[in-house]
1. Among the residues of the range 238-268 satisfying the criterion of being among the hydrophobic types (A, V, I, L, M, F, W, C), touching a helix residue (DSSP H, G or I) at 6+ places or on another chain (Cβ under 7 Å) and in a helix (DSSP H, G or I), which is surrounded by the fewest Cβ atoms within 10 Å (Cβ to Cβ)?
2. Quick one: which residue in Asp206, Asp145, Asp156 is of a type in the set (Asp, Glu), farther than 17 Å from Met267 by Cβ and in the same structural domain as Ala89 (by TED's automatic domain parsing)?
3. Determine, yes or no, whether Gly249 is on the phi > 0 side of the Ramachandran plot and out of contact with any Gly (no Cβ under 7 Å at 6 or more places or on another chain).
4. For Gly271, are the conditions met, namely being under 30 Å from Pro170 (Cα atoms), outside any loop (DSSP other than H, G, I, E, B) and under 23 Å from the mean Cα position of the chain (by Cα)?
5. How many of the residues making up the range 103-119 are part of a helix (DSSP H, G or I) and either surrounded by fewer than 20 Cβ atoms within 10 Å (Cβ to Cβ) or of a type in the set (Ser, Thr, Tyr) (or both)?
6. One residue is enough: does the range 70-88 have a residue meeting the conditions touching a residue at least 12 places away in the same chain (Cβ under 8 Å), over 30 Å from Arg287 (Cα atoms) and not polar (S, T, N, Q)?
7. Identify, by number, the condition in (1) assigned to a loop (DSSP other than H, G, I, E, B); (2) on the phi < 0 side of the Ramachandran plot that Gly290 doesn't meet.
Amino acid sequence: MSVTSHEHEVDAATGTATTGHEWDGIRELNTPLPKWWLYIFYATIVWALGYWVVYPAIPLASSFTKGVINYSSRAEVTAEVAQLTSARAPMVAQLAKASFDEIQKDTKLLTFARAQGKAAFGDNCAPCHGAGGGGSKAFPNLADDDWLWGTGTLDDIQTTLTHGIRSTDPQTRQGNMPAFGDGVLKPAEISAVADYVRSLSVLDVDKTADLKLGQKVFAENCAACHGEDARGNHDLGSPNLTDQIWLYGSDKATIVEGITKGRGGMMPNWGERLDAGTIKALAVYVRTLGGAR
């Protein structure tokens with residue numbers, strides 16, 4: 001592309017002066033912007049300047065200009081949340097005092113608990129367990145009626161929410177999968193017991209797998225927590241190894257990794273962050289997800 005410059009001329013076809021620039025034989029017309037467009041553009045500049053004066057807008061070294069009306073969206077949201085909290089306070093207090101049986105029998109209180117619990121779940125639990133409680137790798141599915149701690153009763157759920165799992169709470173639920181690869185079991189024994197565990201869930205195992213060795217290793221090292229029948233222990237958080245529900249995955253490599261390095265996920269103790277009424281509401285909501293007895 002070649003660019004040349006000419007003195008301002010008037011285009012014969014349109015009668016409009018040119019800018020003096022030409023690109024490959026095409027001359028640029030010096031067509032002014034419409035007056036209405038310019039006026040709107042100038043008005044937006046004036047509006048922006050006025051906005052900077054009235055509202056918080058300009059960053060400073062450690063703060064920002066407050067604006068003549070001293071408006072703050074954060075303060076407005078904080079006030080709205082405080083107002084909502086105040087409006088809900090009587091029902092939340094009633095929830096905190098009521099037993100789960102009383103909540104279940106009181107339609108109004110139960111409806112409020114479910115709504116309050118759903119909101120609290122979205123704010124605090126969904127990032128790990130998913131919006132619908134479906135969970136993901138290392139985060140339990142709360143809707144499948146398969147429970148590591150307890151059997152899914154409202155009291156069990158409340159205890160877990162309040163004290164957490166392997167948290168800093170003195171009453172937290174404790175129990176973890178030890179690292180058997182740390183000098184406890186040999187690689188061949190880990191491989192064998194991994195095949196045996198897969199066979200318990202009726203998963204395909206290699207024809208060369210030594211299931212007898214795996215069963216022996218399981219009985220000597222794993223049955224103490226998972227039970228002789230491998231159906232787990234709700235008091236220790238030991239999962240059922242026969243139900244085809246896997247927290248980390250059912251492929252052999254993942255199982256070998258868990259046996260070798262151990263497992264021990266953590267759930268926060270929400271008793272330090274949420275009030276008793278909200279925790280009860282959360283327990284009620286989690287139960288409604290479909291995985292409770």
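The values are calculated or read from the model by the stated rules, or taken from the named source; none is laboratory data. The structure presented is a predicted model; accordingly, all values stated were derived computationally and were not measured. Neighbour counts are summed over all protein chains in view; Cβ atoms, including those assigned to glycine, are modelled from backbone coordinates with ideal geometry.
1. Val256
2. On the way: Asp206 fails: in the same structural domain as Ala89 (by TED's automatic domain parsing); Asp156 fails: farther than 17 Å from Met267 by Cβ.
Testing whether each residue is of a type in the set (Asp, Glu), farther than 17 Å from Met267 by Cβ and in the same structural domain as Ala89 (by TED's automatic domain parsing) leaves just Asp145.
3. Yes; evaluated as a whole, the condition is true for this residue.
4. Working: under 30 Å from Pro170 (Cα atoms): yes; outside any loop (DSSP other than H, G, I, E, B): yes; under 23 Å from the mean Cα position of the chain (by Cα): yes.
Here the answer is yes, as Gly271 does meet what is asked.
5. 11
6. Yes: one or more hits.
7. Gly290 satisfies every listed condition except (2).
Every residue, every condition in (1) free of Cβ contacts under 8 Å to residues at least 12 places away in the same chain; (2) in contact with a Gly (Cβ under 7 Å, 6 or more places away or on another chain); (3) in the same structural domain as Ala138 (by TED's automatic domain parsing); (4) hydroxyl-bearing (Ser, Thr, Tyr), yes or no:
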residue	(1), (2), (3), (4)
Ser201	no, no, no, yes
Lys212	yes, no, no, no
Val217	no, no, no, no
Glu220	yes, no, no, no
